[in-house]
Amino acid sequence: MKRPSRAPWRADLPAFAERAGFSRRDLLKLIGASSLHAIGARSLAGCSVDETISPLHEVYDYVVVGAGSAGCPLVARLLSEPGVTVLLVEAGGSNDREDIRDFTQSWKLTQPDSGVDWGYTSEPQPELLDRAQSYSAGKVLGGSSSINGMVWVRGHRDDFDGWAAQGCTGWGYESVLPSFMTLETYTAGDPAYHGTMGPMVPTTEFTSKNDLSKGVLDAVMKLGYPLNQDYNGASPYGVGFTQLNVDVKTGARQDAFTKFVKPLLSNLNLTIKTLARVKRITFDPNRKVDKVLIDVNGAEIAVRARRDVVLCTGTVHTPQLLMLSGIGSAAELAMFGIEHVADVPGVGQNLQDHLISVVVKKLRMPNAPSHITTMDVSIFTNGAPGAVNGPPRFEVQSYYMRHGWSDYPSEALALGCINLHPTSRGQVKLRSADPREAPIIEPNFLSTAEDWATQLEGYKMIRQILNAPELLAWVEDAEHTPGPTVVTDDQLREALRKYSEADFHPVGTCKMGVDPSAVVDPELRVRGVTGLRVAGAAIMPTIVSGNTNAASMMIGDRCGRLMLGKG
């Protein structure tokens with residue numbers, strides 16, 4: 001089949017901008033140029049960033065759906081192969097916004113009116129006082145990496161070795177480490193674990209320069225927790241300053257699109273279609289991917305892939321899209337009148353997420369205006385300072401709260417405890433056959449006795465840390481949350497119900513594996529069909545020991561390596 005010609009608008013960018021309804025400034029923002037005069041420069045006539053309706057049935061070698069944490073590294077990896085053509089489809093628009101670039105404004109991005117968040121909400125959670133939980137997900141170039149807290153944590157080596165032990169050959173720690181190293185430039189750690197040429201440049205520069213964060217670090221060390229200057233190195237155990245993916249020189253967020261795809265915008269083999277929501281995938285009689293059907297401003301267009309379509313649409317949206325495409329439990333699909341293509345009952349199952357529980361004390365005095373970070377210090381522990389066997393059970397994050405919200409005061413220090421390996425499992429289900437309607441998210445937090453016991457243990461631990469004499473130079477004597485009158489285990493459980501929230505780390509709904517509950521195989525190919533893969537946090541068999549953004553980027557890069565035969 002003949003390869004697609006270069007997009008016709010490339011010959012005359014100004015004319016294209018006028019036809020598409022873009023101002024010159026709008027188009028420049030979309031493609032990341034800096035000079036208004038450059039709109040007429042032929043040097044920019046490279047990658048197609050298209051918000052118009054393209055011709056039907058245009059064909060590319062690869063179609064990647066979702067320009068987020070996994071999709072962007074995947075695109076970069078695929079384009080390392082000379083001559084391949086890639087279409088990157090994103091439901092959201094440009095991430096060239098001040099509140100995205102300026103990491104101190106990240107709190108705005110998950111607000112209901114931000115315009116860059118899918119704004120998913122879970123079902124009410126019985127163990128959390130029937131409170132529904134927020135499930136933010138980026139709807140913008142860069143995906144959730146454009147709206148998240150920018151904390152850079154890989155996880156523990158046993159997380160990945162555990163995947164391999166479950167049958168996910170090629171996903172052990174030694175296999176995934178090259179991708180982690182490729183992603184980043186980090187010269188402050190052991191070079192055996194870190195890359196020096198990657199686009200992501202995590203740093204502790206912002207979190208380590210505040211008096212309060214230094215005071216918290218010193219106090220925790222005095223409690224017996226060892227200093228760990230690089231929790232992404234040989235071992236995560238101990239206490240250290242939090243690594244953020246924020247540019248040291250500019251203070252700008254390092255999101256996946258800006259770091260992995262933006263440098264490729266001059267590549268004629270890359271086309272980016274924004275404000276384009278994929279409705280479903282169609283298949284031929286042999287269950288091979290046929291078309292990707294895309295909604296653009298109410299009009300349906302179709303594209304094809306010569307080789308593979310890859311869904312990088314997140315833990316919530318990916319199972320919804322698979323089910324809308326006829327892949328999932330045959331019985332459940334029949335309830336919505338969806339034609340069955342492949343009976344893969346694991347689609348939408350195995351949902352895992354971290355729950356964070358918080359204790360708070362007011363500071364004795366306001367912190368300096370120069371303190372612009374929030375998550376400053378991280379502790380990885382098994383519950384006692386000296387226990388370092390296997391993956392850590394808890395991650396503790398310290399938060400400087402300049403501004404209060406809900407029941408929490410301003411000018412306060414909070415400690416949040418995460419049970420890193422919950423046993424509770426939830427699911428994502430269709431609400432209807434309408435792709436515009438959000439799916440049902442049922443995380444089932446604290447639905448096992450083991451999770452209740454672990455969360456209670458962690459809550460007691462962070463309460464002891466916050467109330468330790470070593471911190472009294474910084475915080476008031478009286479505990480604000482949950483409060484000094486909360487003493488018994490029953491009272492602590494009630495406090496946990498009130499002061500615990502989903503931590504925006506959902507994974508697992510398109511589980512990788514070789515057992516009957518798996519959705520994708522270790523090559524990330526969807527079971528029961530050909531030409532379709534999934535990449536991102538959705539494929540994790542079990543959740544990693546920490547924040548999930550770095551691991552999602554690793555999965556995107558590793559997916560590309562596997563697709564190119566370079567795994």
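The values are calculated or read from the model by the stated rules, or taken from the named source; none is laboratory data. These numbers were taken from a predicted model, which means no experiment stands behind them. Neighbour counts run over all protein chains shown; Cβ positions are idealised from the backbone, glycine included. Areas reflect the complete protein model, heavy atoms only, side chains present, ligands, DNA and RNA absent. Shrake-Rupley method; radii C 1.70, N 1.55, O 1.52, S 1.80 Å.
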Return the Cα extents of the stretch 497-567 along principal axes one, two and three, sorted largest first, each rounded to a whole Å.
47, 26, 16
What net charge do the residues around His194 carry, taking every other residue with its C-beta under 9 Å from that of His194, with Lys and Arg at +1 and Asp and Glu at -1?
-3
The chain - mean residue ellipticity at 222 nm from DSSP helices (-39,500 (n - 2.57) per run, n ≥ 4, rounded to 500):
-6000 deg cm²/dmol
About the Cα centre of the chain, what is the dipole size in debye to 20, counting +1 per Lys and Arg Cβ and -1 per Asp and Glu Cβ, all else neutral?
1780
What fraction of the DSSP beta bridges in the chain is antiparallel, stated in percent and rounded to the nearest 5?
65
Which value, to two decimals, describes the C-alpha radius of gyration of the stretch 251-382 once divided by 2.2 N^0.38 Å?
1.57
Aspartates and glutamates with Cα under 12 Å of Lys262, excluding same-chain neighbours fewer than 8 positions away
Asp96
How much length, in nm to one decimal, is gained on full extension between Ala449 and Val514, taken as 0.36 nm per residue of separation minus their Cα-Cα distance?
20.6 nm
For the stretch 389-455, alpha-carbon Rg relative to the globular expectation (2.2 N^0.38 Å, N residues):
1.58
Listed residue (Val529, Tyr62, Leu333) projecting farthest to the positive dipole end of the chain, Cβ model:
Tyr62
J(HN,Hα) series, the stretch 457-471, from Karplus relation 6.51 cos²θ - 1.76 cosθ + 1.60, nearest Hz, glycine and proline x
4, x, 5, 5, 5, 6, 5, 5, 5, 5, 8, 5, x, 5, 9
Nearest-ten-degree value, helix 173-183 long axis tilted from longest Cα axis of the chain
70
Tell me, what is the percent relative contact order of the chain, built from C-alpha pairs under 8 Å that lie six or more residues apart?
20
So what are the three principal axis dimensions of the stretch 409-567 from its Cα atoms, in whole Å, longest to shortest?
62, 36, 31
The stretch 52-154, accessible surface, carbon-and-sulfur percent (1.4 angstrom probe):
51
Rank Thr454, Pro409, Val475 by how far each Cα sits towards the positive end of the charge dipole of the stretch 372-485 (+1 on Lys, Arg Cβ; -1 on Asp, Glu Cβ) and give me just the farthest.
Thr454
Unsatisfied cross-links (Cα-Cα over 29 Å) in the set Lys108/Lys460; Lys209/Lys361; Lys249/Lys566; Lys291/Lys429
Lys108/Lys460; Lys249/Lys566
Using the eigenvalues of the Cα gyration tensor, what equivalent ellipsoid semi-axes result for the stretch 425-508 when each is taken as the square root of five times the eigenvalue, whole Å, largest first?
35, 15, 11
Report the far tail of the P(r) of the stretch 260-315, meaning the percent of Cα-Cα pairs longer than 14 Å.
65
First select every other residue whose beta carbon is under 13 angstrom from the beta carbon of Arg425; then total the charges, Lys and Arg +1, Asp and Glu -1.
-3
By the scheme Lys and Arg +1, Asp and Glu -1, what is the net charge of all other residues having a beta-carbon under 14 Å from that of Val534?
+2
Three semi-axes of the equivalent ellipsoid, the chain, Cα gyration tensor, whole Å, largest first:
39, 27, 22
For the stretch 59-186: span of alpha carbons on each principal axis (Å, largest first)
45, 37, 34
